[in-house]
């Protein structure tokens, strides 16, 4: 808590907009409102939403932060690219590319754009199961109108290096929000903030490093088979298609139902559990809440 | 509301006991709860208070399952349902599996959940990294953790009770681990004790890498260790937990005694916590060189 209050405390004292103490006097509030309006836009990071073969559900999830999204766009990030939200034709240079969807390798434009996104963005985040693992597009084999020859869909990590994974179908508004705030701290924060952001993002970076295949089987291969499962039930709660039940206190995956989104394994406390971050849950959640006020 | 408080500061213990604002020995003031309770009836009483006060809409508890002594996660939205779930079952109930469903099918906006230390870890990971828990993180309003040395599968407990203690599962009135033994109490008054040496091999393997004994990440954690029979040791840990606990004390829900004044007290809790964590830390290290130049996964280093 000491570290966190220092991190977020020092931040609010500086000229950069950041987490503020929850309780403020009216005078302080007014002062801050004025400060916010004068704040130079240059402090923000630039973010783009790159749309590959996905259902736009990930974008909807981002939007489902409601007021929080407006705060993010107001204080921390400028949306410089996004087919549905920004009137920009070509992928510009940006700090963070949020990529949704897998890449259809028969679609030249998609292949070109994902490579361009890698070149133009400092950080590439795979948002959602399709970008991370292929997800439901893993089952695509062509034949659909009006491009029946579009039959091969790859997770973006098979074509470019990806820095951060946000698995799940759809990824949750809250995890996207947390990653956005942490990405801001990583790129624009002070030393302590950068350190926290790095620690927070590390497991999501390690997931990106781990590979582009995911399945409910991961629970067997990497948790149960490794003697790590303790039957908490996180995987079943995380599964968007209710493919996971528990038999004898251990997960039982209906593999016919699994859509390969990667949520179960990433949610499992025995896939990763970072003792330098999670025990600070109270302070970090407070800070994120305050950052979005 | 600082009743029975020893310190307002968060005490940063050297890891084993986690952070806490307050530690007391306590029991429910409600005779009906005590009658069915494992020890001091802390979990049932605190959830009952939270339900009645509207702090939570419902609680994920380990309710009665299809077979005797086989728990299943159960969403209690009434005091009667809570009461039917009291007592320790000593086998796995995947509590977290209902955490999203509780906000969907059951429509809960304010969830209570009770669980083992690893389940509290799962809850907190779910709040900070909600990969598949859309809109769940801020709906968790009271997470109660229970002390846990290790857990058993249902089949393991059945093996212990039916093979080792030679009792039918349905004939068991209470099970308990204490004073270095596994105790099985029959409905007709018979008592069988098994040395823990016998029970060890039936433990759930996943428990052997667990580095938490007293549910360090809960809002409030509780267990029998450290307190006299019929009482429980209680750690109040988070700001939220402190708020609810203070209100419950003010409402007269609990009798409390300073932990410094009870036997065996915090010394035993610290000793057992240190033993568990040291042993399991060693297991984690040994797993790294389990094979020939090949090891087993270490979840604390990352998902690879």
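Taking every alpha-carbon pair under 8 Å whose residues sit at least 6 apart, chain A reaches a relative contact order of 19 percent. Largest first and in whole Å, the equivalent-ellipsoid semi-axes of the protein assembly as shown read 43, 30, 20, each the square root of five times a Cα gyration tensor eigenvalue. Here the peptides B:224-231, B:56-63, B:292-299, A:270-277 are ranked by packing, the mean other Cβ count within 10 Å, and the order with the highest first is B:56-63, A:270-277, B:224-231, B:292-299.
Would you mind putting B:196-209, A:168-181 in packing order, based on average other-beta-carbon counts within 10 Å, highest first? Don't jump to the answer; show the numbers that get you there.
Numbers: B:196-209: 16.4, A:168-181: 25.8.
Going by the mean number of other Cβ atoms within 10 Å, highest first, we get A:168-181, B:196-209.
Debye-formula intensities of region B:111-228, expressed as log10 I(q)/I(0) at q = 0.10, 0.21, 0.22 Å⁻¹, are -0.39, -1.14, -1.19 (one equal scatterer per alpha-carbon, no solvent).
Which value in deg cm²/dmol, rounded to the nearest 500, describes the helix-derived mean residue ellipticity at 222 nm for chain A, given -39,500 (n - 2.57) per DSSP H run of n ≥ 4 and division by the residue count?
Working: 11 runs with 112 residues, N = 293.
That comes out to -11500 deg cm²/dmol.
Peptide A:279-286 has a mean of 5 when you count, residue by residue, the C-beta atoms of other protein chains within 10 Å of its C-beta. With Cα atoms defining each centre, region B:23-40 and region B:253-304 are spaced 26 Å apart in the structure. What separates the Cα centres of region A:105-167 and region A:228-243 is a distance of 27 Å. For chain A, the square roots a ≥ b ≥ c of the C-alpha gyration tensor eigenvalues yield an a/c of 1.5 or more together with a/b not exceeding b/c, which makes the shape oblate. From least to most packed, judged by other beta carbons within 10 angstrom and beginning with the fewest, B:154, A:265, A:76 follow the order B:154, A:76, A:265. Measuring spread by the Cα atoms of chain B yields a radius of gyration and Dmax of 18.9, 60 Å. For chain B, the relative contact order works out to 23 percent when only alpha carbon pairs closer than 8 Å and six or more residues apart are counted.
One equal scatterer on each Cα of region A:90-160, no solvent, Debye formula: the resulting log10 I(q)/I(0) at q = 0.16 Å⁻¹ is -0.53. Along its principal axes, region A:35-140 has C-alpha extents of 51, 27, 22 angstrom, given from the largest down. With N counted as the residues of region B:152-202, its alpha-carbon radius of gyration over 2.2 N^0.38 Å works out to 1.01. Extents of region A:217-267, largest first, come to 25, 18, 18 Å (Cα atoms, principal axes, whole angstrom). Mean partner shielding of peptide B:66-75, defined as the number of other chain Cβ atoms within 10 Å of each residue Cβ, is 1. Counting Cβ atoms of other protein chains within 10 Å of each residue's Cβ and taking the mean over peptide A:247-259 gives 2.
Our summary of shape: the Cα atoms of region B:47-128 have principal axis extents of 31, 29, 22 Å, ordered from largest down, in whole angstrom. Label reach from residue B:159 (point 7 Å along Cα→C-beta): in region A:233-258, no amide nitrogen lies under 13 Å. Separation of region B:200-234 from region B:62-135 is 17 Å, based on Cα centroids. Using only alpha-carbon positions in region A:149-293, the gyration tensor eigenvalues give semi-axes of 28, 20, 14 Å once each is multiplied by 5 and square-rooted (largest first).
As an exercise, use a Förster radius of 22 Å and the Cβ-Cβ distance of residue B:278 and residue B:198 to find the FRET efficiency, rounded to the nearest 0.05. Don't jump to the answer; show the numbers that get you there.
Details: r = 23 Å, r/R0 = 1.03.
Rounded to the nearest 0.05, the efficiency is 0.45.
All of the numbers you see were taken from the coordinates with simple rules; none came from a lab. Quick caveat: nothing in here was measured; it's all calculated off a predicted structure. In this analysis, Cβ positions are derived from the backbone assuming ideal geometry, glycine residues included, and neighbour counts consider all displayed protein chains.
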